[in-house]
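Following: one structure in structure tokens, then a few remarks.
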Amino acid sequence: MEKLLSKKKVLITGAGSGIGAATARLFAAHGAELYLNARDELSLAEVVAQIQHDFPESNCEVIAFDVSDPDAVKAGFQTLFKKAKSLDVLVNNAGILDDALIGMVSAKQVERTFASNSFSVLYCSQYASRLMQRSGGGSIINLSSIIGRVGNQGQAVYGGSKAAVIGITLSLAKELAAAQIRVNAVAPGFIETPMTEQLPAEKYQQRLDSIAMGHIGKATDVANSILFLASDMSAYVTGQVLGVDGGMLI
Ligand code: NAP
């Protein structure tokens, strides 16, 4: 198998479970030097142990910090710089889901969701792009969502935070292109991860019924698209939003 990420230094946020963990595993198989982030060091240690077991050659380290806290992001990137010295790929994957009808939404919920899902993308991209500029370019992949493109009832906060990710992606793509830094987004539909396990049975079935291909997506389906955008296979692709949703009509 051709390794698509040999010698590439990669930071994946939210790599402790779901799409982030699946992406870390796939990237390890493709020869990346990995730096894995989330808040819970225990879940990250499990992901690292599994990767090191399955890919003994892989170089995989934990950098735990809260992506919604600008000071913590700064300290996290200082640690990354000490360890890696440079960065080729950033996957802004960390995110939270906290649904509520608009009448029930609290200010705390709005602040927490936007800080975790949108502000985090700005904070991490700022430091990552500085590192990438120094080494001649790179690739940033942001996790948006189908809800950020078409909306859904009860998801004004989450949908708004994920629509913001698209605006950030398009602007950064234009701003950073001259520095050979590509910025793209992936917009998953309904993917089987700990995030979607929380959904009540009725909502789960409604989402499933709205998928033209008739089945829920796997974390590896999204990871494969992220791999494409991270690798030189997409060397001339920037400012795109790639839907990975099985034809979801929600
Ligand atoms: P998940 O299984 O809940 O994983 C989310 C990861 O993000 C965890 O490792 C979590 O670890 C980390 N995280 C959350 N807040 C963080 C913070 N403030 N700082 C650092 N890490 C943080 O979710 P997933 O389903 O894989 O989703 C991954 C991304 O895809 C998210 O951005 C999500 O919105 C997006 N997405 C998912 C779906 C889907 O159907 N699953 C659909 C569309 C978009 P800690 O709690 O330990 O920090």
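The values are calculated or read from the model by the stated rules, or taken from the named source; none is laboratory data. Values in this document were obtained by computation on a predicted structure and should not be read as measured data. A quick note on method: Cβ atoms are made from the backbone with ideal geometry, for glycine too, and the neighbour counts reach across all protein chains shown. Ligands, DNA and RNA are stripped out before the accessible areas are found, and what is left, the full protein with its side chains, is counted by its heavy atoms. Shrake-Rupley method; radii C 1.70, N 1.55, O 1.52, S 1.80 Å.
What to note about this one:
- Evaluation of Ser106 against (1) within 14 Å of the ligand (Cβ to nearest atom); (2) over 13 Å from Val10 (Cα atoms); (3) polar (S, T, N, Q) (one fails), failing number: (1)
- When residues of the range 109-160 are limited to those that are basic (Lys, Arg) and more than 10 Å from the ligand (Cβ to nearest atom), the one farthest from Gly217 (Cα to Cα): Arg134
- Residue within the range 154-165 that is open to solvent by 10 Å² or more (accessible area, probe 1.4 Å), farther than 19 Å from Gly95 by Cβ and in a loop (DSSP other than H, G, I, E, B) present: no
- Qualifying residue in the range 92-110 (condition: over 15 Å from the mean Cα position of the chain (by Cα), within 21 Å of Asn142 (Cβ to Cβ) and surrounded by fewer than 20 Cβ atoms within 10 Å (Cβ to Cβ)): yes
- The condition (being more than 14 Å from the chain's Cα centre (by Cα), closer than 19 Å to Lys83 by Cβ and of a type outside the set (Phe, Trp, Tyr)) is satisfied by just one residue among Ala15, Ala49, Ala38: Ala49.
- The residue that is farthest from Gln240 (Cα to Cα), among those in the range 188-212 that are near the ligand (Cβ under 6 Å from one of its atoms) and either in a helix (DSSP H, G or I) or among the hydrophobic types (A, V, I, L, M, F, W, C) (or both), is Pro194.
- From the options Ala219, Ala230, residue that is buried (at least 19 other Cβ atoms within 10 Å of the Cβ), within 12 Å of the ligand (Cβ to nearest atom) and farther than 30 Å from Met104 by Cα: Ala219
- A search for C-beta distances below 6 Å between a residue of the range 30-46 that is among the acidic types (Asp, Glu) and any residue that is near the ligand (Cβ under 7 Å from one of its atoms), counting only pairs 6+ apart in sequence or on different chains, returns Asp40/Gly16.
- Cβ pairs under 7 Å, 6+ apart, first in the range 133-157 and without any contact (Cβ under 8 Å) to a residue 24 or more places away in the chain, second assigned to a helix (DSSP H, G or I) and open to solvent by 20 Å² or more (accessible area, probe 1.4 Å): none
Residues are listed down the side, and each one gets a yes or a no for (1) of a type outside the set (Gly, Ala, Ser); (2) farther than 24 Å from Phe190 by Cα; (3) within 13 Å of the ligand (Cβ to nearest atom):
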| residue | (1), (2), (3) |
| --- | --- |
| Lys3 | yes, yes, no |
| Val10 | yes, yes, no |
| Ala24 | no, no, yes |
| Phe27 | yes, no, no |
| Asn37 | yes, no, yes |
| Glu41 | yes, yes, yes |
| Ala49 | no, yes, no |
| Ala64 | no, yes, yes |
| Phe81 | yes, yes, no |
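- Within the range 44-86, restricting attention to residues that are within 23 Å of Leu5 (Cα to Cα) and among the basic types (Lys, Arg), the residue that is most open to solvent (accessible area, probe 1.4 Å) is Lys82.
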